[in-house]
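Okay, structure first, notes after.
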Amino acid sequence: MTTVANDPNADLRVIGKSLPRVDAAGKLIGLTAYADDIELPGTLYCKLLRSHLPHARVLSVDTSAASAIKGVIAVITGEDIPIKYGIMPTSQDEHALEYEKVRFVGDPVAAVAAVDEETALAACRAIVVEYEPLETVESIEHALLPPSDEPIHDYAGPGNVHRIGALEFGEVDEGFANSSFIREDVFFYEGNTHLPMEQHSATATFVGDQLTLWSSTQDPHYVHRALARVFDMPMGHIRVVAAPHGGGFGGKADPFSHEMAVCKLAMVTGRPVKCTLTREEVFYVHRGRHPVLMWVRTGVSQDGKILAMHFRTALDGGAYGSYGPASMLYTGALQTTTYNIPAYRFEGVRVFTNKAPCGPKRGHGTPQPRFALELHMDKIAEAIGLDPVELRRRNYVKPYTRTINHLRITSCGIEEVTDLVVEASRYHERKKRLGHGMGFAVSSYMSGAGLPIYWNKLPHSECIIQVNRGGVTLYCGATDIGQGSDTVLATVAAEELGLWPTDIRIVSGDTGLTPVDLGSYSSRVTFMAGNAALQAAREMREILVSAVAEKMECSPKDVMVGDGKIGELSFEEAANLAQERHGVLTARGSYTPPREIGGKYKAAGVGPSPAYSYSAAVVDLDADPYSGEIQLNKVWIAHDIGRSINELAVKGQVEGGVYMGLSEAMMEGQLYRHGLHKQPSMLDYKSFTFFEMPEVETFLVETVDLEGPYGAKEAGQGPLLPVIPAVVSAVHDALGVWVDEVPITPDKVMRALDAKAKGREGRYGPKSFPQISYPPIVKVPPFDASSTAF
């Protein structure tokens, strides 16, 4: 079902239709070549020797025995690749191969290139590494203590603190003083991993002075930058090709050690070198969801209006920086894009621990605080005797407003998505009975980050369209990681040029052939690359229409475009006519977000977006009061998409987000014991399958954003967010107990029920938030609206 809120362009030909994806045929018959399918003549195979200790100094690495094994062509260590790298400019803290000290079980220390994987593995086993063990830091609380010997990293600090900050917007103390009711709660969100079907894989060649890397990366542009840094090479001598993906979800958004290793080995051997990680190695590479401990305090008026909120977060970042500075800020940035909070204080800290490094996973940094905030709202509603939906409605943001932390809200369908799921689920008509419950939650998410990782004034996305003898090719650096971005770009171009999406050839994710796009992260591609493609397609349309109008001796506005024709000519005839006049036909487009979408204070770079999507969910379930087992019955999900570019693809993204949210809510956890990952396999790491998935009813709300391509906004990440708190809320509705951490497992439910039976609070979760010495709070002045419309 699709609800259209505002549709000024209802006569669109292909936009919004449920058409086959442009890459469907190749994937259906098995012809799509993924990264691990790449086999070049003379390829050598790389394996990495990884640390078995969580924290230790590397005293020596002896590779002599490995080098002597027949079939081993090269062995390298960290001293061969000494320059550090990282995705964030402030966290360049990784060596491709560690030679000073290792920081988690799985940290690579050496790499082997051999004639086959078995020989490479044997050579890894023959390498002798002498370690000096150091203290293992395993938790947020431990990381906040002064180190007993030395910190995990020698930058940042104090101790094992990576990043820490405190911001205040509005008069928070005054807001609390004026509140009729104040509540505070503590929540914990366990870390988890991405679990894509495809493991990481990379192949490199070095010919002459040209380095080429094919990799299952989400961000070829940033890998390109990292390679230039690590090997001190001009970017013009490096080409990075993002191979078709078998899933990423944020787990392939960093530059990785295996990519650096195959490049160096290709340089050393002069032959192609390939490395495909095992599933166990993917768990070590990780970059998944941060474990986050959260404390939230909110004051409301007598009628339930929020007057002040204070939010604290503590993130377990694992061994390296990754996207950590942004991850920490994201845990405090988007609370204000769903609720009108007139006074807001955020304090956050990210710490290093001796675990696999955390990074961005679908919804980067926002599922954890959304889980806490939505349950906190439920508890406030229950305490003041107000319906939880009504409490939220009284605090919803409005379209075309500015949040207290300076974020610009444009189109906003939060009321509409709420109406749809509440009415369809008959949430307010549910019959109260022990063991059956329904939970409701809402959320918002970005349509792309408003600023690049490396701040500059360059476009965020660029496209080129070339028409040659009637054939249309669109070149863009955006990476299709399974979400269908190639189809989005083809559909946008096809709409403008009067063609079908399958008439457009897409060349994407190749730094040697395509203009720059910053990558597939933060749900940015539809909005940003889509706008760049739209601009290029409109320019090409103008070229073709002008040529035809001249031949027809009419005004260009009288030339109709559609059904494969430009005026009275076929598209091919029109293209040939234009080429007669202009020669090579090319058009270009680029997109840069508006500068006024966020504030100008320090840390204002995290949170701004050209548009925000909105989602609402209701979960219906049964919870057994005698075993704690949970049976999901149905999920209603509504998403403010702006406009669907391809309705079927959008529904797939929305329901994929629901699946991932349910799995995180009920099963997933990346757990460690003494620094060792407890379940680095798909046999032991629990995740949802088809058997656990309930029925899902999906609604798409089209608010038609004025700045999105044809009004489109994101769909890949936002729908996950409300599902997790809605599950926990439904369990409370069923059994009258709170489980204030995820995953919500039967044993936690039973512990909450046991506490209730013994006369204590019916709750399971963290008991307190640690005492943290946050820096002095930075009071941010109100947004200066004098130069903007709102």
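State yes or no: is Leu683 out of contact with any Phe, Trp or Tyr (no Cβ under 8 Å at 6 or more places or on another chain), at pLDDT 95 or above and in the same structural domain as Gly439 (by TED's automatic domain parsing)? Step through it out loud before you land on a result.
Working: out of contact with any Phe, Trp or Tyr (no Cβ under 8 Å at 6 or more places or on another chain): yes; at pLDDT 95 or above: no; in the same structural domain as Gly439 (by TED's automatic domain parsing): yes.
Criteria not met by Leu683.
Kindly indicate which of Glu655, Glu668, Glu664 is acidic (Asp, Glu), in the same structural domain as Gln368 (by TED's automatic domain parsing), over 21 Å from Lys17 (Cβ atoms) and not in a loop (DSSP other than H, G, I, E, B). Walk me through it before giving the result.
Values: Glu655 fails: over 21 Å from Lys17 (Cβ atoms); Glu668 fails: not in a loop (DSSP other than H, G, I, E, B).
Within the list Glu655, Glu668, Glu664, the selection yields Glu664.
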Go through (1) in a helix (DSSP H, G or I); (2) over 27 Å from Leu720 (Cβ atoms) for Glu416 and report which single condition fails.
(2)
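Quick one: is Val696 part of a strand (DSSP E or B) and surrounded by fewer than 22 Cβ atoms within 10 Å (Cβ to Cβ)?
Working: part of a strand (DSSP E or B): yes; surrounded by fewer than 22 Cβ atoms within 10 Å (Cβ to Cβ): yes.
Yes; evaluated as a whole, the condition is true for this residue.
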Could you check region 527-569 and list, in sequence order, the residues that are in contact (Cβ under 8 Å) with a residue 24 or more places away in the chain, open to solvent by less than 40 Å² (accessible area, probe 1.4 Å) and part of a strand (DSSP E or B)?
Val561, Gly562, Ile566
Would it be correct to say that Lys355 is in a loop (DSSP other than H, G, I, E, B), open to solvent by 10 Å² or more (accessible area, probe 1.4 Å) and out of contact with any Pro (no Cβ under 8 Å at 6 or more places or on another chain)?
no
Of the numbered conditions (1) open to solvent by less than 10 Å² (accessible area, probe 1.4 Å); (2) of a type outside the set (Asp, Glu); (3) farther than 30 Å from Tyr323 by Cα, Pro367 satisfies every one except a single condition; which is it?
(3)
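Return the residue satisfying two criteria in turn: it lies in region 670-693 and is within 19 Å of Gln199 (Cα to Cα) and of a type in the set (Gly, Ala, Ser), and of such residues it is surrounded by the fewest Cβ atoms within 10 Å (Cβ to Cβ). Break it down into steps so the answer makes sense when it comes.
Residues of region 670-693 that are within 19 Å of Gln199 (Cα to Cα), as a first pass: 670, 677, 679-689.
Narrowing the set further to residues that are of a type in the set (Gly, Ala, Ser) leaves 681, 687.
Details: Ser681: 12, Ser687: 16.
So the residue we want is Ser681.
Scan region 570-607 for residues that are under 30 Å from Tyr330 (Cβ atoms), in contact with a strand residue (DSSP E or B) (Cβ under 9 Å, 6 or more places away or on another chain) and outside any loop (DSSP other than H, G, I, E, B) and report the count. Give the derivation first.
Of region 570-607, the ones under 30 Å from Tyr330 (Cβ atoms) are 589-607.
Then keep just the ones that are in contact with a strand residue (DSSP E or B) (Cβ under 9 Å, 6 or more places away or on another chain); that gives 589-592, 594, 596-599, 601-604, 607.
Retained after the next criterion (residues that are outside any loop (DSSP other than H, G, I, E, B)): 589-591, 596-597.
Here the count works out to 5.
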For Gly299, the lone unmet condition from (1) at positive phi; (2) in contact with a Phe, Trp or Tyr (Cβ under 6 Å, 6 or more places away or on another chain) is (1)
Only one of these is out of contact with any strand residue (DSSP E or B) (no Cβ under 7 Å at 6 or more places or on another chain) and surrounded by 24 or more Cβ atoms within 10 Å (Cβ to Cβ): Pro709, Pro743, Pro725, Pro719. Name it.
Pro709
Can you tell me which residue is surrounded by the fewest Cβ atoms within 10 Å (Cβ to Cβ) among those in region 430-470 that are at pLDDT below 95 and assigned to a strand (DSSP E or B)?
Arg433
Give me the strands (runs of 3 or more DSSP E) completely within region 36-114, filtered to those with at least 2 residues that are over 22 Å from Ala319 (Cβ atoms), ordered by residue number.
44-50, 72-77, 108-114
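Restricted to region 58-72, and to residues that are of a type in the set (A, V, I, L, M, F, W, C) and closer than 17 Å to Leu97 by Cβ, which residue is least open to solvent (accessible area, probe 1.4 Å)? So that I can check it myself, show each step before the final result.
Of the residues in region 58-72, the ones of a type in the set (A, V, I, L, M, F, W, C) are 58-59, 61, 65-66, 68-69, 72.
After this cut, where a residue has to be closer than 17 Å to Leu97 by Cβ as well, the list is 58-59, 61, 66, 72.
Working: Val58: 17, Leu59: 91, Val61: 47, Ala66: 0, Val72: 20 Å².
Checking each candidate, the answer is Ala66.
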Take the residues in region 148-180 that are among the acidic types (Asp, Glu) and not in a strand (DSSP E or B); name whichever of them is most open to solvent (accessible area, probe 1.4 Å).
Asp154
Taking Thr298 as the residue in question, decide whether it is in contact with a Ser or Thr (Cβ under 6 Å, 6 or more places away or on another chain), polar (S, T, N, Q), open to solvent by less than 10 Å² (accessible area, probe 1.4 Å) and not assigned by TED's automatic domain parsing to the domain that holds Leu211.
no
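Listed here are the residues, each with its yes/no results for (1) assigned to a loop (DSSP other than H, G, I, E, B); (2) assigned by TED's automatic domain parsing to the domain that holds Tyr672; (3) within 30 Å of Thr366 (Cα to Cα); (4) not aromatic (Phe, Trp, Tyr).
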| position | (1), (2), (3), (4) |
| --- | --- |
| Phe206 | no, no, no, no |
| Thr217 | yes, no, yes, yes |
| Gly236 | no, no, no, yes |
| Arg239 | no, no, no, yes |
| Val262 | no, no, no, yes |
| Met267 | no, no, no, yes |
By residue number, the members of region 674-693 that are more than 22 Å from the chain's Cα centre (by Cα), aliphatic (A, V, I, L, M) and part of a loop (DSSP other than H, G, I, E, B) are Leu683, Met693
If a residue has to be surrounded by fewer than 19 Cβ atoms within 10 Å (Cβ to Cβ) and in contact with a strand residue (DSSP E or B) (Cβ under 6 Å, 6 or more places away or on another chain) to count, how many in region 200-211 make the cut?
0
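Please go through region 608-632 and give me each residue that is without any contact (Cβ under 8 Å) to a residue 12 or more places away in the chain and not in a loop (DSSP other than H, G, I, E, B), ordered by number. Can you show your working first?
We begin by selecting, within region 608-632, every residue without any contact (Cβ under 8 Å) to a residue 12 or more places away in the chain; these are 626, 631.
Gln631 - this is the single residue of region 608-632 that is without any contact (Cβ under 8 Å) to a residue 12 or more places away in the chain and not in a loop (DSSP other than H, G, I, E, B).
The values are calculated or read from the model by the stated rules, or taken from the named source; none is laboratory data. Since we're looking at a predicted model, the values are computed, not measured. Cβ sites come from the backbone with ideal geometry, for glycine too, and all protein chains shown count toward neighbours. Note: accessible area is taken over every heavy atom of the protein model, side chains too, but ligands, DNA and RNA are not part of it. Shrake-Rupley method; radii C 1.70, N 1.55, O 1.52, S 1.80 Å.
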